[in-house]
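For reference, the structure is listed below as structure tokens.
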Amino acid sequence: MPWYSPPSRREISLALFSITIFTLFYNLETSFSHFGFSQEEVAVASQVGGTNSTPGSWRDHWETEIYGDWTWEEQQVAKNAQRNRVKEAKSGASVSLRPQLFGTVGVNDGFVDWGDEIPTTSLIEHVPGYSIMDNVFMLNGTVFIVTDDPLFPPLGSIASSSQNPHELPEASDWQILSSNQAREMLGKYGGLIHGVSWLVTEASPSNYTLFSLWRTYSSLNASISGSETITLPPPRRIFYPNILPFTGERPEVNGPIILRHRSPSGFHPFHPKAAFPTLGLMYKEDWEDYAFMHVPFVMRRLVVADQGAARRSRGDVPSFAIPLVELEASKQWWEPIRLNMARFLNLVDQAPKQSQRSETKMVITYLSRQDAATGPKLRNSDHKALVKELNNLGNGYTVYIIPSEAPWTQRMSAIAQSTTLIGVHGEHLADSVYMVPSSHSSLMEIFPEGIFTRDAEISMTALGISYFAWWKAQQHGNNDLPPVIPPTESQNNDISIDASALVNAVRRIS
């Protein structure tokens, strides 16, 4: 339609009025703040039209297809950012140095200029060899604790020498600095490593490494339960500063392709991806990357596991078990991690199998090592007898015979369903922590006569699972365990077991 005359004064006024109203109410909170309203008054006003989603009865197919059926609070990100700016303005600090790393981290949040207000290290939890600290620095490969607290634990109870774990840390490994020393040595700015980091200083970690670290970390929340919601922020990374990613010599860049084995890190490579899906692994080369940048980095929250420091503190329990016996935790502290593994294996929603003999069908798993090239194994005749006895248990039982070279999924699926686990002694039994916890659950560990170690026993006790050590036909329960006598290499082969006695014990327990 052609426009034959300019707009009248009335039309111009209506247009300007409409634009003004639209501008004011399009961003209601900013408009109110501009006119001097408080944050509380703005919050009340913002309740009008609280979500960006359309009422369900008004949506058509395409709106649901594009936007989904979720709701979100209007301008939540903007409100959070503005709230943080207000807090910082009141405190006079340009950057918040508190460990609020557990929220959303932006792409511009990788560095901080602290000026003369260098953040100090807070000790959150500590037992010898296992510590949780906030605001720990690393520079040129050295870890720095910044504190003016004279009661801060000595470095020897936190860490060890990277060259010899039996000795105290050297100055190139760890240092404690006062605030004044830190200002001079660390400068006025640095990088930020957000989230929760785990640090394992050992060059040959225990197979219980993740188990110990989670027990240490979960001590921060004694109310943690087996529900699907884990209230603790998940760990983001685990540092192995003394372990290379692969074993053997590094191949030449233009040389032939050489297949190399991964360095042992205390667990199967699939484990963290299933049980700790947010956890990234960072090895010696990654640690050196930070060192070669020659800039201090602040690790917002750091959980340290140092078995050398643990061994120096006490010798009556394995070094990995210090947090299991000295730190308080919920009875369900491991259940969220076990459920992660079970969910990954698609086992959580499986209903218990019914049997005529009992309310639930017992699942018995024998972790055989007869096919292993090295390590402990049963006498071949006793192994065959045990397999035969287990297979004759009857309809009330499900029996899995898992060889040591079985695929990881097959092995872990059997363990995650098991109520009773049987195997010769050794670190391979560390996977038993993923078995089903119940009043019938038990681990039966077979030793050569006169030999006993507490690794599996302490782990099962920490989970409330029954434990039995076997010497041929002799069973030792939690109340009559033999003294600790580690095995020698010559005692690992041809271990004897009375198969009938062991299987009869399985029947009594179930």
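Points worth noting:
- Counting residues in segment 487-494 that are more than 27 Å from Gly315 (Cβ to Cβ), among the acidic types (Asp, Glu) and modelled with pLDDT of 95 or more gives zero.
- If you check Gly115, Gly195, Gly141, Gly187 for being under 22 Å from the mean Cα position of the chain (by Cα) and open to solvent by less than 60 Å² (accessible area, probe 1.4 Å), only one passes: Gly195.
- Candidates in segment 371-407 are the residues that are modelled with pLDDT of 90 or more, in contact with a strand residue (DSSP E or B) (Cβ under 7 Å, 6 or more places away or on another chain) and part of a loop (DSSP other than H, G, I, E, B); of these, the one that is farthest from Ser438 (Cα to Cα) is Arg379.
- The residues listed here are Ala342, Ala274, Ala321, Ala309; of these, the one that is part of a helix (DSSP H, G or I), modelled with pLDDT of 90 or more, among the hydrophobic types (A, V, I, L, M, F, W, C) and more than 19 Å from the chain's Cα centre (by Cα) is Ala309.
- Within segment 498-509, residues that are modelled with pLDDT of 95 or more reach partners that are aliphatic (A, V, I, L, M) with beta carbons closer than 6 Å, at six or more positions or on different chains, in the pairs Asp498/Ala473; Ala499/Ala385; Ala499/Leu386; Ala501/Ala473.
- Applying the set (1) at pLDDT below 95; (2) within 30 Å of Gly426 (Cβ to Cβ); (3) open to solvent by 20 Å² or more (accessible area, probe 1.4 Å) to Val253 leaves exactly one unmet item: (2).
- Near pairs, Cβ below 7 angstrom, 6+ apart or cross-chain, from segment 451-466 (open to solvent by less than 10 Å² (accessible area, probe 1.4 Å)) to any residue that is among the charged types (D, E, K, R): Ala456/Glu445
- Among strands (runs of 3 or more DSSP E) entirely within segment 138-248, having at least 3 residues that are at pLDDT 95 or above, farther than 30 Å from Ser432 by Cβ and in contact with a Leu (Cβ under 8 Å, 6 or more places away or on another chain) singles out 142-146, 174-177.
- Looking only at segment 408-427, and only at residues there that are assigned to a strand (DSSP E or B) and touching a helix residue (DSSP H, G or I) at 6+ places or on another chain (Cβ under 9 Å), the one that is surrounded by the fewest Cβ atoms within 10 Å (Cβ to Cβ): Gly423
- Count of residues meeting criterion [open to solvent by less than 20 Å² (accessible area, probe 1.4 Å) and either over 26 Å from Arg215 (Cβ atoms) or of a type in the set (Lys, Arg) (or both)] in segment 467-509: 9
The values are calculated or read from the model by the stated rules, or taken from the named source; none is laboratory data. The structure displayed is predicted, hence computed values, not measured ones. Quick reminder, even Gly has a Cβ in these numbers, built from the backbone with ideal geometry, and neighbours come from all protein chains shown. Areas reflect the complete protein model, heavy atoms only, side chains present, ligands, DNA and RNA absent. Shrake-Rupley method; radii C 1.70, N 1.55, O 1.52, S 1.80 Å.
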